[in-house]
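I have placed the structure first, in the form of structure tokens, so that the comments after it can refer back to it.
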Amino acid sequence: PQRGHSRSKISELLKVTEQLVRTVTRELISSDYDCEGAAERKHHSRRSDTARDAEFVTQLRAMVDEDPSRSMRSIARELQVSEGTWLRSSEVSIEVLQTHVKPWIEEVAAGRPYVWQQDSAPCHTSRKSQKWLSDNFFDFVAPDVWPPNSPDLNPMDYFVWGAVERGRVEDVIDAKSEFIE
């Protein structure tokens, strides 16, 4: 028997989809209302089409070492890795920080203290990325103190891209990849 609010009312109150309400309800019922058990991440086997093995990583590093100026996009294309995959990878994030960002910051900061900030993308908040930042940067904003959706701390998302878009006159860009190129 149903008690309390309907699924649609819960969905409306919590501002979530009714599908999520159904899923959570089903999980709670199947776990005998064990909230912690229902909230645990389910165990699953690794995807069979994953390419991130030791051989792949070695090949990737060799390509970067061979030509450090080569774009990640062209390497990903050659290795048949989707753009979404390499954009989210913490290894790629660290590689960019190490080979491009850190040398640039050291040149610009010229020994002065600085604070590095970035968004909360998974590749930026991974333990591996956080450890690298802690070991290599003067200071950085850790993800646990980064306020979500902050226009004051994230001007790129709240001002710069809008200004760039408004300033664009002739070129029509249909896709993110065209904008990046």
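Return a yes/no flag: does segment 127-144 have any residue that is assigned to a loop (DSSP other than H, G, I, E, B), hydroxyl-bearing (S, T, Y), touching a helix residue (DSSP H, G or I) at 6+ places or on another chain (Cβ under 7 Å) and at pLDDT 75 or above.
Checked against the condition, which is being assigned to a loop (DSSP other than H, G, I, E, B), hydroxyl-bearing (S, T, Y), touching a helix residue (DSSP H, G or I) at 6+ places or on another chain (Cβ under 7 Å) and at pLDDT 75 or above, segment 127-144 yields no hits at all.
Quick check on my filter: what residues within segment 118-150 are touching a strand residue (DSSP E or B) at 6+ places or on another chain (Cβ under 9 Å) and surrounded by 13 or more Cβ atoms within 10 Å (Cβ to Cβ)?
Result: Q118, Q130, L133, F137, F138, F140, V141.
Out of curiosity, is L87 under 23 Å from W132 (Cα atoms) and either at pLDDT 75 or above or not in a helix (DSSP H, G or I) (or both)? Write out each step before concluding.
Working: under 23 Å from W132 (Cα atoms): yes; either at pLDDT 75 or above or not in a helix (DSSP H, G or I) (or both): no.
Taking the combined requirement at face value, the residue does not satisfy it.
Just one of the listed residues (R22, R46) is at pLDDT 80 or above and of a type in the set (K, R), and it is R22. With respect to the conditions (1) farther than 26 Å from F137 by Cα; (2) modelled with pLDDT under 85; (3) touching an Asp or Glu at 6+ places or on another chain (Cβ under 7 Å), D34 lacks only one, and its number is (3).
Within segment 161-179, can one find any residue that is surrounded by 11 or more Cβ atoms within 10 Å (Cβ to Cβ), within 29 Å of A62 (Cα to Cα) and at pLDDT 85 or above? No, that holds for no residue.
The values are calculated or read from the model by the stated rules, or taken from the named source; none is laboratory data. None of these values were measured; they are calculated from a predicted model. Every residue, glycine as well, gets a Cβ built from its backbone with ideal geometry; the counts of neighbours run over all protein chains shown.
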